[in-house]
Structure formats: structure tokens, C-alpha cells
1. Within segment 201-216, track down each residue that is outside any loop (DSSP other than H, G, I, E, B) and crowded, with 17+ Cβ neighbours inside 10 Å.
2. Under 23 Å from ALA209 (Cα atoms), touching a helix residue (DSSP H, G or I) at 6+ places or on another chain (Cβ under 9 Å) and either surrounded by 18 or more Cβ atoms within 10 Å (Cβ to Cβ) or touching a residue at least 40 places away in the same chain (Cβ under 8 Å) (or both), is that true of ILE106?
3. State which residue is surrounded by the fewest Cβ atoms within 10 Å (Cβ to Cβ) when the search covers only segment 231-262 and only residues that are touching a residue at least 12 places away in the same chain (Cβ under 8 Å) and charged (D, E, K, R).
4. For segment 147-159, check the following and say yes or no: at least one residue is without any contact (Cβ under 8 Å) to a residue 60 or more places away in the chain, touching a strand residue (DSSP E or B) at 6+ places or on another chain (Cβ under 7 Å) and buried (at least 18 other Cβ atoms within 10 Å of the Cβ).
5. Take the residues in segment 63-118 that are within 29 Å of LEU144 (Cβ to Cβ), acidic (Asp, Glu) and within 21 Å of the chain's Cα centre (by Cα); name whichever of them is modelled with the lowest pLDDT.
6. Could you say which residue among THR47, THR67 is crowded, with 20+ Cβ neighbours inside 10 Å and either β-branched (Val, Ile, Thr) or in a loop (DSSP other than H, G, I, E, B) (or both)?
7. Going residue by residue through segment 206-214, is there one that turns out to be under 25 Å from LEU87 (Cβ atoms) and of a type in the set (Ser, Thr, Tyr)?
8. Restricting to segment 12-39, give me the number of residues that are over 18 Å from GLY79 (Cα atoms) and of a type in the set (Gly, Ala, Ser).
Amino acid sequence: MKADLHIHTTASDGNWTPAELILEAQKVGLGALAVTDHDSVANVAETQRLAKEAGLKFIPAAEICSTKNDISFHILGYGIDITNKPLLELLNHNEALLDQKDVDSIAMLERDGWDVSVAEFEHYTYDRRRGGWRSLAYLIDKGLCVDVVDFFKRIFTKEHDLAFPEFPSIPEVIKTIHGAGGVALCAHAASGFHGPGLEKVLAMLREEAFDGYECFHSGHDEAATKALLQYCNEHKLLISGGSDCHGTFAPGRYLGEPEVHIEQLYLPGLL
């Protein structure tokens, strides 16, 4: 059975609704999936209902931001109770940080002479089915940015004093996930986007109480996947995998790729 346990929808920066996701999941032959929106569970219940109707296995989940040593790490919480109050408080806190970062980013660009305005941005709204987030959509609509790749390559940089917010610590996020009845796995540890390289990341995170790692990911090459699998097997840790698909929003990330079967994963009680 094919599984994809890392998928984003319109509840964060993806551009598929729950109904569209389930339709696409059936097209690519998935038998199991998880919606892992950034710091949100807004679309979990609806997707779970539709998945059940379609005969698909489903894991309630979220991808939660944390910070360690000025590096932003994403933590996948699987099997969570999406009504858990401390979990919802943490998600709301992180969403508020991201919303404020949108405003701060526009303010910094305005300060640097870009044709943007915080006053204008306060009244700006966008269709979430475009994917992405508010400041990105605003900059695209202003003709100042082409797409998400351009945003992170040319705008969201140290030169513009732009960086991710200081999110809660890894221990705090893991504790909250455990308190909501879930397990906590480090997402895309070998991806270059959030980390300094797999070897350094594993050394940095060795002391953290992760239940496992996302070994299969669209941003991992074969060597990284093999190294993560070996690490998890040696330390008896959980193993997950997914595409990190954002619908059609994020280039190079396609639902069901890499192809992962549930026999390759280790998530007892969840799959």
C-alpha cells in the first residue's frame, strides 16, 4: 500500500482543498495519507472524513515549527488529538508569529525603498487556493516577486534582515505533541532548506527526545534516506515518509513521490 504522510492543504501554504486532495490521492493510488499543515489542523477533520468515505487510511497530523540554535526545525506530530487545548494554543501561537512576520517583512522592505506599504498590506487579502502565504501573494501581485523560489532566493534573505521567527523550543513542541496523544518526528532532516546538513543535524538533535525521523522525503537523495533509515533502525526510532506536496504550489514536490509503501515505514499503532 502506497503512503504519503507529508501533505499540505489550503489550511497552510498548499493550494488543494481536502476534497481536491482526496481526489488526487486516488489518482496516484495512495492507500494511506496524512495532512500535515504548518501549525494548523483546520483541514484535518474534513480530510479524515473524506478519506474514510474513499476507503483510505488516514493519520491526523500537523507540521509544527520550532527553533534551536537559530535554525528553524519542523516537527511532524502524528496521531494527535486535534481538539487538545495545549496543542491548539501552541498552533495558534505559531500562526500568530508567522502572521506578524508577514507584516514585519513588508515593513522592512518598505524601509529599504521597495514599492510596498504596511498600510496597504493591512487591508490586503488573497485567495488561499493560490497556495503560499499572504506576504508572498502581495509581493507577486505588486509585480515584485515571481514565485516562492524567487521569494526565498532574492527577498527573504539576511541582506534584507529577514528570517524565520523564534518559535518554541524542540522540547516544548515534543512535549505538547505527546500531551495530545501523538508521536513527534523530525521532518526532512537532510533537506538543505532548514538545516546545515544531515550529519550536523543528527549531532545537534541527538539530545532531543524525538520519537523518530522522516526518512523518505522529496528533498532527500538516496544516500540521505539510507543514512536516516540506518540511524532510526540503530536507535529503534519511528520511520515516516512523504512528498511534502503543496498541491501545485511548490515546484518539484508531487503527491506520492518518493514512492513509499507502508511496509517501509515504522509507525506502530498508526499504520
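1. Residues of segment 201-216 outside any loop (DSSP other than H, G, I, E, B): 201-205, 212-216.
VAL201, LEU202, MET204, LEU205, GLY212, TYR213, GLU214, CYS215, PHE216 - these are the residues of segment 201-216 that are outside any loop (DSSP other than H, G, I, E, B) and crowded, with 17+ Cβ neighbours inside 10 Å.
2. Working: under 23 Å from ALA209 (Cα atoms): no; touching a helix residue (DSSP H, G or I) at 6+ places or on another chain (Cβ under 9 Å): yes; either surrounded by 18 or more Cβ atoms within 10 Å (Cβ to Cβ) or touching a residue at least 40 places away in the same chain (Cβ under 8 Å) (or both): yes.
When the stated conditions are applied, ILE106 does not pass them.
3. Initially, segment 231-262 is screened for residues touching a residue at least 12 places away in the same chain (Cβ under 8 Å), giving 231-232, 237-262.
This time we only want the ones that are charged (D, E, K, R), so: 244, 253, 257, 259.
Values: ASP244: 25, ARG253: 21, GLU257: 16, GLU259: 14.
It comes out as GLU259.
4. no
5. ASP70
6. Values: THR67 fails: crowded, with 20+ Cβ neighbours inside 10 Å.
Step by step, each of THR47, THR67 is checked, and only THR47 is crowded, with 20+ Cβ neighbours inside 10 Å and either β-branched (Val, Ile, Thr) or in a loop (DSSP other than H, G, I, E, B) (or both).
7. As a first pass, look at segment 206-214 and keep what is under 25 Å from LEU87 (Cβ atoms): 207-214.
Add one more test, that the residue is of a type in the set (Ser, Thr, Tyr), and what stays is 213.
The answer is yes; a qualifying residue exists.
8. Selection size over segment 12-39: 5.
The values are calculated or read from the model by the stated rules, or taken from the named source; none is laboratory data. Only a predicted model underlies this, so the values are computations on that prediction, with no experimental measurement involved. Glycine gets a Cβ as well: all are built from the backbone with ideal geometry, and neighbour counts include every protein chain shown.
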